[in-house]
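Trainee: Sharing a structure with you now.
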Amino acid sequence: MAPKGKSGASNADLKQEDIVQAVVFADSFNTNFAPISADKPRALFPVANTALLDYTLEFLCSGGVQEIFVLCCHHAGLVKQHLQNSRWNEKSSPCNVVPIVSEGCMSMGDALRDIDAKSLIRSDFILIYGDVVSNIKLQPIMEEHKKRHEKDKSAIMTMVFRQAPPGHTTRSAQDDVILAIDNQTQNVIHYQKVGETGNRRFQFPLEVMTEHKDVQIRYDLLDANISICSPQVPQLFTDNFDYETRDSFVRGILINEEIMGNTIQMHVVKDAYAARISNLQMYDAVSQDILNRWTFPFVPDSCYRHNKDSISYGRHNVYMSKNVTLARECKIEENVLLGNGSSVGSHTVISHSVIGRNCQIGKNVTIKGSYLWDGVTVEDNCKIDTSLICDNVTVYDNVILCPGCVLNSQVSVGPDVELKAGTVAVSRLEEDDFGEEVDATDGDITEAMYGSKARAFTYKDPDDDMSDTEEITKHIWGLTVESESSEEEDSDRSSESGSEPASLPPDVPVYYTEMLDTIQRSKDENISPENLILEINSLKHAYNITIKELTGLVVKVMLEQPFSENPSLAGAEAIKVLKETLARHMSVLQNYIKNEESQLQCLKAVEVFGTASSVNMALVMKLIHFLYDSDILAEQSIFRWYKAPPSNSSQDNLDDVDGEEIENKHAEIRKHVAPLIKWLEEADEESSEDD
């Protein structure tokens, strides 16, 4: 009989081999979030009031990972302190989270070389950034990778991708990637970041086509930044100091595949969520996806284990802590999270926003598509649109924040000022870190721009002497920010040329303008109906538009596109141009209008078009008649629409028209269409008599 001690050691070794490990980078090694990341590392940014790193750790833990190494570089002390105070440091923690402080590392490559030097990796492991939010099931992918690696030791990495069409909200332009895959082996044979090319032309090595019989080119994938790696990966980073990032590692492996023999495989998921918060645009997109519960089970009402706050989930995706104070007249619309200890004043409206803990919001405030971190104070009569407000910021009375504004921690602005789109404000100038005083000129500019009580300065990149405000804010939040003078010039040019859309409201949805641009390009570039349908479908997936909404949207855009080119269209000329437009896109209409329900959506879109103006009203009957003659609309659908009562449902109407005005418009439309209805009824009676 073997000694007990030896048997116990053998079992311990066997147990140790079965441990699933992961390496998490709590540092992004870039300055995409400057100046916010100067005070707080990206991994600790609150996303739906939960630290971003906790989403990554919870994802790994749910995937069966038992040991997680968190690489801490920038602000390593803050990350380590967060882990010590979190549930990951408790005895009941389902996995072992170990912070590894490597403050001298300047890249992912340096960090992995440090991991290799410490001999921490014992088997296949998961490589991931600490700013990834995902609910992908890891176990099947891990098992697939292990089986492949057992058969072929050269298969050193499996990259995980999520299927997402171009234009999807969670596809960051700077992270767009195009791949070439060998269909027989599923090996990645070419990997290229689109953002690196600067244009939409791609160059593939000749060997990609000549040395592989069955090659698939894919541009419909989102890089989940999740990789299953074999133990050789850290060693390869140690052997080659040119590998600084995962991208450079992948390219190096593919280029040297013939010499080294190593290969990289891919795994594509379709029905799961994965996205990396790599910039402010992605911060916004992922936050909204969390509120919409696309990331389930990682949603606000189940994250109480991390933020120690009990949150209730209500209708219209409203999440609320038990300690929130709401005035009776305030309005919390949809996709809103209110943190513990916050209060909202009367007549305040909040939508598509996250409010942190202990925030005080005054009266008559409008907050839309914005993110307020902890301890923010917003006084009365303020308007905040698509902005990020960091910890302990004060916004005084009558302040307007235009889209794209970022107020770093401890900033104060106001009262009675309007910050232009893309403004990035900090509480101190960079020179203050070296003991230099801010001169009087800077103080005067601050008061003029930010208000008499302000404590704010416009951020300037200290590493770039040539940078200015316009360059820094040019593409922030995915918005193109222009100067006021250029906007006025564009406005003058558009009014002179008559190119401004006649019926677009000021708060028109982004997907509507993109659809309008798509239809316009289809005319200018003579795009085939098949390709146009593909582009429309990509917009549907990108903005999560239902097929019911899409039908009405397509019809509405096709009717309004001619007026965007020539707002003066009217009478016989208008109906002629509209018929030509509809005839040109007839196969597209037939693709979306196939049954009675879609025909009703088409008729409602025509009705909304008619209510826009008296000119449009006079065209409604002829448009319906044309669509009827073209076999797009059936008699029974027209009769059903005609007899339907007025409705102000957001699903039925594409414009905000309500109350008594709806009834008047409804009656007026029916009055114009009555002759057509009478003609159809008489034709139906004659047909019955003939039968």
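The values are calculated or read from the model by the stated rules, or taken from the named source; none is laboratory data. Since the structure is predicted, the reported quantities are computational estimates derived from the model, not experimental observations. Note: ideal-geometry Cβ built from the backbone for every residue, glycine included; neighbour counts use all protein chains shown. Just the protein is used for accessible areas: all its heavy atoms, side chains included, with ligands, DNA and RNA removed. Shrake-Rupley method; radii C 1.70, N 1.55, O 1.52, S 1.80 Å.
Trainee: Filter region 676-691 down to the residues that are in a helix (DSSP H, G or I) and modelled with pLDDT under 70, then identify the one that is least open to solvent (accessible area, probe 1.4 Å). Can you show your working first?
Mentor: Let us first name the residues in region 676-691 that are in a helix (DSSP H, G or I), namely 676-690.
Remaining after also requiring modelled with pLDDT under 70: 684-690.
Numbers: D684: 68, E685: 111, E686: 112, S687: 53, S688: 76, E689: 149, D690: 132 Å².
For region 676-691, the residue satisfying everything is S687.
Trainee: Check whether at least one residue in region 168-184 is over 14 Å from Q265 (Cβ atoms), acidic (D, E) and open to solvent by 60 Å² or more (accessible area, probe 1.4 Å), and report yes or no.
Mentor: no
Trainee: Do the conditions hold for D114, that is, is it surrounded by fewer than 23 Cβ atoms within 10 Å (Cβ to Cβ) and touching a Lys or Arg at 6+ places or on another chain (Cβ under 7 Å)? Before the answer, list the steps.
Mentor: Details: surrounded by fewer than 23 Cβ atoms within 10 Å (Cβ to Cβ): yes; touching a Lys or Arg at 6+ places or on another chain (Cβ under 7 Å): no.
Taking the combined requirement at face value, the residue does not satisfy it.
Trainee: If the requirement is being at pLDDT 90 or above and outside any helix (DSSP H, G or I), which of these qualifies: F33, F69, F59, F29?
Mentor: It is F69.
Trainee: Need the failing condition index for A173 against (1) closer than 16 Å to V70 by Cβ; (2) within 18 Å of the chain's Cα centre (by Cα); (3) of a type in the set (A, V, I, L, M), just the number.
Mentor: (1)
Trainee: Please list, ordered by residue number, the strands (runs of 3 or more DSSP E) wholly in region 202-321 having 2 or more residues that are out of contact with any helix residue (DSSP H, G or I) (no Cβ under 6 Å at 6 or more places or on another chain) and within 21 Å of S62 (Cβ to Cβ). Please lay out each step first, then the result.
Mentor: On the way: elements: 215-218, 221-229, 263-269, 274-276, 311-314, 318-321.
Here the list reads 221-229, 263-269, 274-276.
Trainee: Given the condition in a loop (DSSP other than H, G, I, E, B), touching a Phe, Trp or Tyr at 6+ places or on another chain (Cβ under 9 Å) and at pLDDT 95 or above, answer yes or no: does some residue in region 335-354 qualify?
Mentor: no
Trainee: Return the only residue of K331, K383 being open to solvent by 30 Å² or more (accessible area, probe 1.4 Å), modelled with pLDDT of 95 or more and not β-branched (V, I, T). Reasoning before the result, please.
Mentor: On the way: K331 fails: modelled with pLDDT of 95 or more.
Answer to the check: K383.
Trainee: Considering region 274-291 alone, what residues qualify as being in contact with an Asp or Glu (Cβ under 7 Å, 6 or more places away or on another chain) and open to solvent by 10 Å² or more (accessible area, probe 1.4 Å)?
Mentor: Answer for region 274-291, where residues must be in contact with an Asp or Glu (Cβ under 7 Å, 6 or more places away or on another chain) and open to solvent by 10 Å² or more (accessible area, probe 1.4 Å): just R276.
Trainee: For region 581-627, name all the residues that are in a loop (DSSP other than H, G, I, E, B), farther than 14 Å from L559 by Cα and in contact (Cβ under 8 Å) with a residue 40 or more places away in the chain.
Mentor: Result: I593, single match.
Trainee: Now for a different question. Somewhere in region 527-549, is a residue part of a loop (DSSP other than H, G, I, E, B) and within 28 Å of A667 (Cα to Cα)? Steps first, answer last, please.
Mentor: If we filter region 527-549 for residues that are part of a loop (DSSP other than H, G, I, E, B), which is where we start, we get 527-528, 543-546.
Narrowing further to those that are within 28 Å of A667 (Cα to Cα): none.
Taking every residue of region 527-549 in turn, none turns out to be part of a loop (DSSP other than H, G, I, E, B) and within 28 Å of A667 (Cα to Cα).
Trainee: Take Q139 and tell me if it is in contact with a Gly (Cβ under 7 Å, 6 or more places away or on another chain) and over 30 Å from N537 (Cβ atoms). Explain how you work it out, then say what you get.
Mentor: Working: in contact with a Gly (Cβ under 7 Å, 6 or more places away or on another chain): yes; over 30 Å from N537 (Cβ atoms): yes.
Criteria met by Q139.
Trainee: Something else: Kindly provide the set of residues from region 344-378 that are surrounded by fewer than 21 Cβ atoms within 10 Å (Cβ to Cβ) and in contact with a Gly (Cβ under 6 Å, 6 or more places away or on another chain), ordered by number. Let's see the steps before the verdict.
Mentor: Filtering region 344-378 down to residues surrounded by fewer than 21 Cβ atoms within 10 Å (Cβ to Cβ) leaves 345-347, 349, 351-352, 358, 360, 363-364, 366, 368-369, 374-375, 377.
Matches in region 344-378: G345, H352, N358, K363, D374.
Trainee: Name every residue in region 536-589 that is open to solvent by 60 Å² or more (accessible area, probe 1.4 Å), charged (D, E, K, R) and more than 17 Å from V606 (Cα to Cα), in order of residue number.
Mentor: Within region 536-589, E565, E573, R584 meet the criteria.
Trainee: Let me ask something else. What are the residue pairs meeting all of these: first residue in region 523-543, first residue modelled with pLDDT of 80 or more, second residue open to solvent by 50 Å² or more (accessible area, probe 1.4 Å) and of a type in the set (S, T, Y), Cβ atoms under 7 Å, and 6 or more apart or on different chains?
Mentor: Once the first residue is modelled with pLDDT of 80 or more and sits in region 523-543, its partners that are open to solvent by 50 Å² or more (accessible area, probe 1.4 Å) and of a type in the set (S, T, Y) give P529/S587.
Trainee: Moving to a separate point now. So, in region 545-568, of the ones that are polar (S, T, N, Q) and within 23 Å of E596 (Cα to Cα), which residue ends up farthest from the chain's Cα centre (by Cα)? Talk me through it step by step, then tell me what you get.
Mentor: Our first condition is that a residue be polar (S, T, N, Q); within region 545-568, this holds for 546, 551, 561, 564, 566, 568.
Now drop any that are not within 23 Å of E596 (Cα to Cα), which leaves 546, 551.
Values: T546: 17, T551: 23 Å.
Ranking the candidates gives T551 first.
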